[in-house]
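Heads up, the thing below is written out as structure tokens.
Here, each number is a calculation from the coordinates, and none is a lab measurement. These figures come from a predicted structure and were not determined experimentally. Glycine also receives a Cβ, built like all others from the backbone with ideal geometry; neighbour counts cover every protein chain displayed.
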């Protein structure tokens, strides 16, 4: 298991971690199987979406903020209930196939850490299960 | 593969299954790899979120009920379309890393069975894939 | 790793891929472990829900269209921001346990490719990690 560190810079931010994951796969020598990226925080998550046009990430953030507003009437008194709820909607892990020592992603796909209650210093855990042919 | 039984007590309920999962990992002697918790029901799911303050779970339930109301104008005639839709939004499985014979979770994280059409007698399947160093 | 081809026929469509996955498991001789179905497209995804009554799938599509409307005021200029956002809400992969050479699914469950920006020719990647008893 490996740990990746992330420093988010705003309250809601999608941080592209694709290059870090590719480096981890290379350094560990993982060849063929399934990678799991897991977020141990309850006000953040992990998602896969378009990495080419940053307006896609912007639309995801704005739509989540519209559906689950920060200042709504929540019970949890820490002011970040929206962040917890977004975490359960987006999910806290992704599984990505590994072939010939590299992540198998689509042309436009990137893997993003989704910060919903930043800015903060965060981490992700990365594990690997070898696959069958 | 192991089976965990759950008895939900209300229509929408998040049941903390972290202790049951930890017991399963210990009993099976699973040391290092990836655990999969899978819900075989189409009106329920699995999520990971804060287990310390129960108001977080309450906010998740209330927000899902606002976004996908029980009594809206649906086509499916069994009165539980909202539960099916919530299941696809939250997802029906989680993957959790296992190290040194224990689940790797963040300080505040718990694993929850998410009942959306209870009360019912339910079950979850738990599987394990050994990991690489 | 195997590739499954899909031809979607409308803009938003849930295509039942359960039979194709079962065939893949049989042809590959995968006996016990965890299957990963991964969508390499950023305007589509994968979900598990009821396959018996097609009105459930219709309710999922209509509710997603209500929560994330196609024609809202988005930044991404390709007219498919709603499809990207739905992809992150539903998720781009599913993990399914395999036992005795078959998928372990609930009575009413089917696995669906979720097209949000069709009609298009699409593909899914399928990988397998052997499991422990």
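List of remarks:
- Chain A - percent relative contact order, Cα under 8 Å, separation 6 or more: 53 percent
- Computed over all pairs of different Cα atoms, the Kirkwood value for the hydrodynamic radius of region C:1-78 is 15.2 Å.
- Sites residue B:100 and residue C:72, calculated FRET efficiency, Cβ-Cβ separation with R0 45 Å, nearest 0.05: 0.40
- Taking the label point 7 Å along Cα→Cβ, residue A:102 and its counterparts in the other copies are spaced 3.9, 3.9 nm apart, in ascending order.
- FRET efficiency, residue C:65 to residue B:16 (Cβ-Cβ, R0 41 Å, nearest 0.05): 0.75
- Sites residue B:4 and residue A:133 - FRET efficiency at Förster radius 35 Å, r taken between beta-carbons, to 0.05: 0.65
- In nanometers and ordered shortest first, the copy-to-copy spacing of the residue A:121 label point, defined 7 Å from Cα toward Cβ, is 5.1, 5.1.
- Here the relative contact order of region B:35-109, from alpha carbon pairs under 8 Å that lie six or more residues apart, stands at 49 percent.
- Taking all pairs of distinct alpha-carbon atoms in region A:2-130, Kirkwood radius in angstrom: 15.2 Å
- For residue A:4, label point 7 Å along C-beta direction: distances to other copies, nm: 2.6, 2.6
- Whether the protein assembly as shown is rounded, prolate or oblate, judged on the alpha carbon gyration tensor where a/c under 1.5 counts as rounded: rounded
- From most to least packed by mean Cβ count within 10 Å, the peptides C:10-21, B:65-76, B:116-127 give B:116-127, C:10-21, B:65-76.
- Chain C: calculated mean residue ellipticity at 222 nm from DSSP helix runs of at least 4, using -39500 (n - 2.57): -8000 deg cm²/dmol
- Distance from the alpha carbon centroid of region C:38-105 to that of region A:24-54 works out to 20 angstrom.
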